[in-house]
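These notes are about the structure you will find just below.
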Amino acid sequence: MAYSQNFQQRRRYFMNCAATIGAIFLIASPCCAQSKPAAQQAGMPGFQDLNKYPGLLPELGNLIQKLEQNVKYPEARGESRLLPLLPPSTLMYAAFPNYGDAVHQSLKVFHEELQESAVLRDWWEHGEMAKEGPKIEDSLEKLYQLHQYLGEEIVVSAAMKGKEPSVLIVAEVQKPGLKKFLQDLVTQVADKSKSDVRIFDPQELAAATDAVPPQQLVVLVRADFVVAASDLATLRIFNAKLDRGLKEFVSTPFGQRVANEYESGVTMLAAADLHKMINQAPPSAKENATFQNSGFADMKYFVWGHKTVDGKAVSQAELSFSTPRHGAAAWLANSGPLSSLDFVSPKAIFAGTVVLTNPAQILDDVKLLTSSSKSNPFAGLEQMEQALNISLKGDVLSHLTGELTVELDSITPPKAVWKVILKVNEAGHLKQVLGTLLAAAHFEAQQSDDGGVTYYTVRVPSPKNAVEIGYAFADGHLIVASSREGVAEAVRLHASGESLGKSQKLYSALPPGHSLDASVLLYQDPVAMAALTLQQLPPETRGLLPQFLGDAPPTVAGVYGEESAIREATKGGGFDVGAAMIVAAIAIPNLLRSRMAANEASAVGALRTVNTAQITYSATYPERGFAPALSVLGSDPRGPNAYSADHAGLIDNTLGNESCTANAWCTKSGYRFRVRGVCIQRACMEFVAIATPVDNNTGARSFCSTSNGVIRFKLGAPITVPISAAECKAWTPLR
């Protein structure tokens, strides 16, 4: 079995199934199976089962090979019929194909293999998968049934509705009966508990008058489309647009950018309008000097797609900027030749190269970005420079070009084998600086010459064994390795042209349409990495790995810097984890910040309402002063018009119900609230009202107010113990 096909197809198969299973539960219900280790969720065996069933690896290899041969995945799409329908306010977009038929074919192949393989059948029925396996099969079967009702594409979009995010999930409907199927499915997965999904047809949507709780997903099943939304109003507005046949999104710049991505054919696609996200952020965030100086305030779009280029699968990502990159956004250099790869061994299990623009300038940028910090993170550096009479910027960073390569050959005990290669522009000066630093650390470098190259070996004492580090300067590069022999090998590879940088296996693994001219290049031998992760297996089981894995080409990801963009490309199937991490790092925090900002605004508004209610209460009941608790400001549970000093009816029951006492927190929109009076007997001449986030994901600031009516705030973790009025007055006033 050729691992070059099997490993990538295995990853694609399981990741594709995971993606579509996620879609079904987005549409149907958030109630899904309890979480398990990732390997078990994917149907892969744990170490215990691999030890128990020594013949399992080859059988899994046969299964994966048959999946590769017999399962047909959805074709790339050259256009989207759903994209034009989305609202022009769309900030985030994701689209993936209907995997229903592929799931059905996979289940068929799997069941055939279970009948033919006693080892596989024994593992599935009695091993770690005995309990979870039937649940996975049932979920995949339901997924197949659901997707028979849907068109070739499913689209998920997000926008901001005021201060709250709104989500839409849209797919075409291919045959009748979907509403009943969804209702039955929701009933099953809800497990007899109250459903978190409301399903409507157009008539029921028009007649719906009751408020849907915020946590509920609402679904509209039309004859032509099925639409899921995060709230009833969003669903109604989108339904009206469908009736009128509006196609507004493609008229926006973001919509046009996404539509262009389809032209070369995509299977999966994700995009975010970062420029609009930044503009909708709170002024304190988007106008922050550090953020502006970083250059990331000029981000425009993020687009990731899995597509076919020159007949080969490739994942591509792009982070674009509205202006030429500057600040931290420009630290990554534009694409260029990577000469340090000429010192890397073709036997490396991992190698990574990055090219920075100007290391000395980056140091200045870092100092600027940290200038607002109360502490000086460079104070220790300045003292060290004075003591050694060496300037980090002038004597070290100014003599580095910015190209750095890290190589890992082995982590097998007793010693890891590694190399670091830096491209330099002034080897003689750096050699003197290294000598000064080693002397200051009381390390003696042993020196030897070979072939015109001077090699240095430094032994670092260790409680067990001394650690040897070697280094040398050769052809404009500084090579540092875990041994003198490692440095010599790097120099030999460079001279002979037998390095990884000159190898055909590296060139053949490059993403289609891309060369070795890059800003970042990540190389990995997946067979060696897989062997490292399976070292816990007994020797007899590890011996089966070659049969299971076969000969594998390396996997390579490249990042390519341009004047106003950073692009990423990875050859291979399925789902690009690196791109997904970029999406998560950029998009998710922006949405969380938007939600947090909305929560904070709601909390401040609630405190202002409490302040107004307290003034009214003290004027109405002067003998009582201020209300000692939120429940006193709320309505009397015996009737809405029964006003008294114990139930003043001045705030609604969200925060004014009977449970909101001086000794209990009440929750609203991601914040917990409490009011406590400063009282003598029953007269309260002061109070403190507090609003603090439920957790770190719902808000970044706590708020408080007292009888002077000033809202104050404090950054940091949510508070758990109420503060006093004096403590509140020490917080920063909100402006």
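Some notes on this structure:
- Of interest is the spacing of the C-alpha centroids, which for segment 668-735 and segment 159-179 amounts to 39 Å.
- Estimated FRET transfer efficiency when R0 is 51 angstrom, pair VAL366-ALA416 (beta carbons, to 0.05): 0.95
- Once you reduce segment 451-522 and segment 89-147 to the center of their Cα atoms, the two points are 45 Å from each other.
- Modelled FRET efficiency - R0 35 Å, GLU75 with GLN256, Cβ distances, 0.05 increments: 0.90
- Placing unit charges on the Cβ atoms of the charged side chains and taking the dipole of segment 604-733 about its Cα centre, the candidate lying farthest along the positive direction among CYS728, TYR617, TYR643 is CYS728.
- Each Cα pair under 8 Å and six or more residues apart adds its separation to the average, and for segment 604-733 the resulting relative contact order is 20 percent.
- A Förster radius of 25 Å combined with the Cβ-Cβ distance from ALA427 to ASP450 puts the calculated FRET efficiency at roughly 0.90.
- Judged by the mean number of other Cβ atoms found within 10 Å, the most tightly packed of the peptides 58-69, 381-392 leads the ranking 58-69, 381-392.
- Each peptide in 506-516, 478-488 gets a packing score, the mean of other Cβ atoms within 10 Å over its residues, and the list from highest to lowest is 478-488, 506-516.
- Full-stretch length increase - ASN288, ALA645 - with 0.36 nm per residue and alpha-carbon distance subtracted: 123.9 nm
- Qualifying chymotrypsin sites (Phe, Trp or Tyr not before Pro) for segment 595-683 [loop in DSSP, other Cβ within 10 Å: at most 15]: TYR643
- Difference of contour (0.36 nm per residue) and Cα-Cα distance, VAL694 to ARG608: 29.0 nm
- Distance between the 7 Å Cα→Cβ label points at ALA379 and ALA441: 2.5 nm.
- With neighbours defined as other Cβ atoms within 10 Å of a residue's Cβ, the residues SER705, SER564, SER496, SER294 order from fewest to most as SER496, SER564, SER294, SER705.
- Zone of VAL406's modelled label, taken as backbone nitrogen in segment 510-527 under 20 Å from a point 7 Å along Cα→Cβ: 518-527
- Assigned charges on the beta-carbon of Lys, Arg, Asp, Glu; segment 301-574 dipole about Cα centre (debye): 520
- Cα shape, segment 661-735, gyration tensor, a/c 1.5 rule: oblate
- Net charge of Cβ neighbours under 13 Å - reference ALA330; Lys, Arg +1; Asp, Glu -1: -4
- Charge dipole magnitude, Cβ of K and R +1, D and E -1 - segment 604-733, Cα centre, debye nearest 20: 320
- Taking label positions 7 Å along the Cα-Cβ direction at both LYS729 and LEU715, the computed distance is 2.6 nm, reported to one decimal.
Coordinate-derived values only; no laboratory data. Because the structure is predicted, anything quoted here is derived from the model rather than measured. Note that each Cβ is placed from the backbone with ideal geometry, even for glycine, and that neighbours are counted across all protein chains shown.
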